[in-house]
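Just below is one structure, and these are the notes that go with it.
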Amino acid sequence: MLKEWLQEAKYTVVFTGAGMSTESGLPDFRSANNGLWKQKDPSKIASTDALNSNVEAFIEFYRERVLGVKTYQPHKGHYILAEWEKQGRIKSIITQNVDGFHQQAGSQRVAELHGTLQKLHCQSCGKEYSSEEYVNKDYYCSCQGILRPSIVLFGETLPMDAFQFALAEAEKADLFIVLGSSLSVTPANQFPLIAKEHGAKLVIVNREPTELDHYADELIHGRSIGEVLKEVNE
């Protein structure tokens, strides 16, 4: 069905979650076996409080994550989506991922709901830096403020421009494809429902069942995203 719907659709929007990244080898946050949160309490490390009161632990954790992202790269699924965008088969990507792999693969219209590890900014003056600063162990801005990754921390709201872009795209979609998200994190998991309310067909591709499966027009479980996309692409 997905293949036919993709050919027929006028406005296809793709929504990606952690499953898209784990296929590149990146560890997941919430998976039962080796999720990053099994070793660390997010509220103590990945929060605005930690940035203010536990800076060393915050920087150590995020330097590891920045280095982790640099160890891996986009997989064939990322490249297929970028190709589809060039061909006009998909219009945009809404992602919960912070690895920047969609852009590395060549996708242009990407809403990063949770920000990106590819950039840093000064917590005091807002000046932007590349994540290379963390690699080189440079943690301070020229104004002496602390450099932090440009991602959404616990206790922060989603970036308004990414949120508004994602909302507009979900409302325009006539086909909405979810790739590798458990759809358990709000408010990001509202976008498939918004698309559905505006008449879109909803396809969910995820290894495990999700909380929104009963809304889907097609479900694909237990398969790799890369394989599914490659199959549709042929």
Residue tally, condition polar (S, T, N, Q), closer than 27 Å to I194 by Cα and assigned to a loop (DSSP other than H, G, I, E, B), over region 120-173
1
Which is at pLDDT below 95, surrounded by 14 or more Cβ atoms within 10 Å (Cβ to Cβ) and outside any helix (DSSP H, G or I), of V205, V185?
V185
Qualifying residue in region 139-162 (condition: hydrophobic (A, V, I, L, M, F, W, C), free of Cβ contacts under 8 Å to residues at least 24 places away in the same chain, in contact with a His (Cβ under 9 Å, 6 or more places away or on another chain) and open to solvent by less than 50 Å² (accessible area, probe 1.4 Å))
yes
Only one of (1) open to solvent by 80 Å² or more (accessible area, probe 1.4 Å); (2) on the phi < 0 side of the Ramachandran plot is not met by L117, so which one is it?
(1)
Residue that is farthest from S181 (Cα to Cα) [pool: residues in region 220-234 that are open to solvent by 80 Å² or more (accessible area, probe 1.4 Å) and outside any helix (DSSP H, G or I)]
E234
Restricted to region 188-202 and to residues being part of a helix (DSSP H, G or I) and not aromatic (F, W, Y), the residue farthest from I225 (Cα to Cα) is E197
Within region 188-202, take every residue that is surrounded by 14 or more Cβ atoms within 10 Å (Cβ to Cβ) and more than 20 Å from the chain's Cα centre (by Cα) and give me the one that is farthest from K10 (Cα to Cα).
K196
Residues of region 59-83 satisfying the condition of being in contact (Cβ under 8 Å) with a residue 24 or more places away in the chain and among the hydrophobic types (A, V, I, L, M, F, W, C)
I59, V66, L67, V69, I80, L81, A82
On the basis of being in a helix (DSSP H, G or I), open to solvent by 10 Å² or more (accessible area, probe 1.4 Å) and in contact with a Phe, Trp or Tyr (Cβ under 7 Å, 6 or more places away or on another chain), does I59 make the cut?
yes
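The values are calculated or read from the model by the stated rules, or taken from the named source; none is laboratory data. For clarity, every value in this text was computed on a predicted model and none was experimentally measured. Quick reminder, even Gly has a Cβ in these numbers, built from the backbone with ideal geometry, and neighbours come from all protein chains shown. What goes into the accessible areas is simple: the full protein's heavy atoms, side chains included, and nothing from ligands, DNA or RNA. Shrake-Rupley method; radii C 1.70, N 1.55, O 1.52, S 1.80 Å.
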